[in-house]
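**Q** Please read through the structure below; I'll follow up with questions.
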Amino acid sequence: MIVSKFGGSSLCDAAHIRKVAEILKSDESRQVAVVSAPGKRSSDDTKITDRLYRCEKLASEGKPITDEFEHVRERYLQIAQELALDSNIGEALDQVYKNISEGAGPHYAASRGEYLNGILISEYLGWKFIDAQDVVIIEDDGTVADETYELVGKAVEPGFHYIVPGFFGRDRKGIVRTFSRGGSDISGAIVARAIGADIYENWTDVSGISKADPRIVKNAQVINKLTYSEVRELAAVGFNVFHEDAIAPVREAGIPIQVKNTNRPQDEGTSIVASRDASEDPVVGISAKKDFVKISVHKLFLLKRPEMKDAIEKALREEGYSLDFTVAGIDDLTYFAQGPQSGETVASLLKERFSVESSSVEAGFAVAAVTGEGLSCEAEAVSRLFPALLERGLSVEFVNIGASPVTALFGIRESEVKEVIHTLYDVLFS
Ligand code: ASP
């Protein structure tokens, strides 16, 4: 059995939905398709989800939503018409319009993108529709409740094919609730695990996951195979191909994920698996995350006073910083943190409260990561990365090799992210 999730770009209009139908019908074992809301048709188009969020915002401000909602209505009506569906989607749209206008809230509004698309696609394919609200329970912290797996498992009967809208479920009170943005990946992973799928296919508009952001490295090579751990490590540092929270459900059940291109189904794509032979491709990818603030603290014997270190970190957290990466010296602590960008008051707070000799908070940093299960066997290539960055005149704030067996980290300047990615890519993959 295969669960196939299609992203918004794969379902943006009738022509794409036809392609999706062809893919689904070409293999009987594709039993459940999890669908997103219609995405962008061109780079200057607007995703339906974004339009729905806008409608909700207008409604919450007491403003009319008619003009914005018209775009939503038109998109679905056009899809229905071009697919020659005898659908009563118009009535469903009227209901959604009414509910959003009457203050149904952001979760409900955003969820209707997938809901309405799911209805149309199920009508087109003649597959059964499962309303995610009936089977997916989302806890207050945004995680999926355990009983979801049983509910989804019961709803999917052998011998039938199903469409499940992604991105939402219900909360404990029974009210519609969405996952975070891009959350249809999570829905797909949940369904795959619930029905014990052999493969979880993730269909998108690229032929797999690239070794570096293709917007930075044009024609970056595609990764053939990588592990769940590698995806997680890359995602934590800005790799934006697969929703981080979508890994856990399939990882626990050992279900491989296959990332495929709806527009080029013949391309192999990328497999995400539990383990791989790392000698073939020791390093799989490079990523970078921006918006870091560098917080530096200097005080004599700082590291001999762990209680002070703890108190400093507590104070910084209270000021709204997540201390993502810490570099400790003898008398110095440096944090690469995400949080408020202007930190003069924090710097003086540290001086006053902890009598540190100096402290500073500076914005404009990024963290780059080089990831691969074979990293530790690649000492020679890894040792060339730091000099290569310096040779090109790029600043390196810290290098962290060895803390993780899978990832090497570089603290860099945000303005130099592109050059850093190019340099690391050249050394490792060219
Ligand atoms: N449509 C939602 C979003 O734009 C969820 C998804 O596509 O996965 O975030």
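**Q** Remind me, relative contact order of segment 308-374 in percent, using alpha carbon pairs under 8 angstrom and six or more residues apart?
**A** For segment 308-374, the relative contact order is 23 percent.
**Q** Hey, can you rank 273-279, 260-266 by average C-beta count inside 10 Å, highest first?
**A** Result, highest mean first: 260-266, 273-279.
**Q** State, as an integer percentage, the relative contact order of the chain based on alpha-carbon contacts under 8 Å between residues 6 or more apart.
**A** 13 percent
**Q** Let me ask you something else. Would you mind calculating the relative contact order of segment 127-182 from Cα pairs under 8 angstrom and at least 6 residues apart, reporting the percent as a whole number?
**A** Values: 86 pairs, mean separation 25.0, N = 56.
Answer for segment 127-182 is 45 percent.
**Q** Let me ask something additional. Sorted by accessible area with a 1.4 angstrom probe, largest first, how do Arg177, Arg251 fall?
**A** Descending accessible area places them as Arg251, Arg177.
**Q** Counting other C-beta atoms within 10 Å, and keeping those with at most 14, which DSSP coil GluC sites (Glu not before Pro) do you find in segment 98-184? Could the numbers behind the result be given before it?
**A** Working: sites: Glu102, Glu114, Glu123, Glu139, Glu147, Glu150; in loops: Glu102, Glu139.
Listed in order of number, the matching sites are Glu102, Glu139.
**Q** Okay, helix-only estimate at 222 nm for the chain: each DSSP H run of n ≥ 4 adds -39500 (n - 2.57), divide by all residues, round to 500 deg cm²/dmol; what do you get?
**A** -12000 deg cm²/dmol
**Q** Turning to a different aspect of this structure: Just the accessible area for Ser271, please: 1.4 Å probe, Å², rounded to the nearest 10?
**A** It works out to around 20 Å².
**Q** Counting only protein chains, not ligands or nucleic acids, how are Arg73, Arg413, Arg317 ordered by accessible area (probe 1.4 Å), most first? Working shown, then result.
**A** Details: Arg73 45, Arg413 75, Arg317 135 Å².
Largest accessible area first, the list is Arg317, Arg413, Arg73.
**Q** What ranking, highest mean first, results for peptides 219-227, 343-351 when packing means the other Cβ atoms within 10 Å averaged over each residue?
**A** Top of the packing list down: 219-227, 343-351.
**Q** Would you list Met1, Met308 from the most to the least accessible area, probe 1.4 Å?
**A** Sorted descending by solvent-accessible area, the residues read Met1, Met308.
**Q** Could you tell me whether the chain comes out rounded, prolate or oblate from its Cα gyration tensor? Rule is a ≥ b ≥ c as square roots of the eigenvalues, rounded for a/c under 1.5, then prolate if a/b exceeds b/c, otherwise oblate. Could the numbers behind the result be given before it?
**A** Numbers: a/c = 2.11, a/b = 1.55, b/c = 1.36.
Prolate, because a/c is 1.5 or more and a/b exceeds b/c.
**Q** Only Lys, Arg, Asp and Glu count, each charged at its Cβ (+1, +1, -1, -1), so figure out the dipole size of segment 323-430 about its Cα centre, rounded to 20 debye. Write out the running numbers ahead of the final one.
**A** Details: 6 positive and 16 negative charges, 19 e Å.
For this selection, approximately 100 debye.
**Q** Could you go through segment 51-66 in sequence order and give the Karplus-derived ³J(HN,Hα) for each residue, using 6.51 cos²θ - 1.76 cosθ + 1.60 with θ = phi - 60°, rounded to whole Hz, and x for Gly and Pro?
**A** 5, 5, 4, 4, 4, 5, 5, 4, 4, 5, 8, x, 9, x, 9, 3
**Q** If you don't mind, another one. Given a 1.4 angstrom probe, I'd like the percentage of the accessible area of the chain that is carbon and sulfur, rounded to a whole number.
**A** Values: 9200 of 19380 Å².
Within the chain, the accessible surface is 47 percent carbon and sulfur.
**Q** Using only protein heavy atoms and a 1.4 Å probe, report how much of Leu300 is accessible, in Å² to the nearest 10.
**A** 90 Å²
**Q** Per residue of segment 332-345, what does 6.51 cos²θ - 1.76 cosθ + 1.60 with θ = phi - 60° give for ³J(HN,Hα)? Whole Hz please, x for Gly and Pro, Karplus curve as stated.
**A** For segment 332-345, the Karplus-derived couplings read 10, 10, 10, 10, 9, 10, 10, x, x, 7, 9, x, 4, 5 Hz, x marking Gly and Pro.
**Q** List the equivalent ellipsoid semi-axes of segment 278-349 in whole Å, largest first, each obtained as the square root of 5λ for an eigenvalue λ of the Cα gyration tensor.
**A** After diagonalising the Cα gyration tensor, the semi-axes are 28, 18, 10 Å.
**Q** May I pose another question? Segment 20-58 to segment 194-251: how many Å between their Cα centroids?
**A** Taking the Cα centre of segment 194-251 as reference, the centre of segment 20-58 is 19 Å away.
The values are calculated or read from the model by the stated rules, or taken from the named source; none is laboratory data. Source: prediction; values computed, not measured. Ideal geometry is used to build each Cβ from the backbone, glycine not excepted, and the neighbour counts take in all protein chains shown. For the accessible areas, the whole protein counts, side chains as well, though only heavy atoms, and no ligand, DNA or RNA atoms are used. Shrake-Rupley method; radii C 1.70, N 1.55, O 1.52, S 1.80 Å.
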